[in-house]
1. Filter segment 44-60 down to the residues that are modelled with pLDDT of 75 or more and either within 12 Å of the chain's Cα centre (by Cα) or among the polar types (S, T, N, Q) (or both) and list them by number.
2. Would you confirm, using the coordinates I've provided, whether Thr30 is at pLDDT below 70 and surrounded by 10 or more Cβ atoms within 10 Å (Cβ to Cβ)?
3. Under 19 Å from Gln59 (Cβ atoms) and either modelled with pLDDT of 75 or more or out of contact with any His (no Cβ under 8 Å at 6 or more places or on another chain) (or both): does that describe Val39?
Amino acid sequence: MKIRKIDYVVFFIFCYLVTIGIIYLMDKLTPDIFFRLIVPTLATSAILGTITNFTVKRQNKN
């Protein structure tokens, strides 16, 4: 089963939107935590993207 580039892009956009949603909700609840959340959330997004990228490359080899 191969994952097309389009699937990867859609998944990445989905993760990005979820991240924005979480940051927006936290900003509404507590503005102070908002700034402390930006960096960890971006890091989490980067890690998710990297894992997905490796998974896609591994499946493309098969």
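1. Thr44, Ser45, Ala46, Ile47, Leu48, Gly49, Thr50, Ile51, Thr52, Asn53, Thr55
2. Working: at pLDDT below 70: yes; surrounded by 10 or more Cβ atoms within 10 Å (Cβ to Cβ): yes.
Taking the combined requirement at face value, the residue satisfies it.
3. Taking the combined requirement at face value, the residue does not satisfy it.
The values are calculated or read from the model by the stated rules, or taken from the named source; none is laboratory data. Remember, it's a predicted structure, so these values are computed and weren't measured experimentally. A quick note on method: Cβ atoms are made from the backbone with ideal geometry, for glycine too, and the neighbour counts reach across all protein chains shown.
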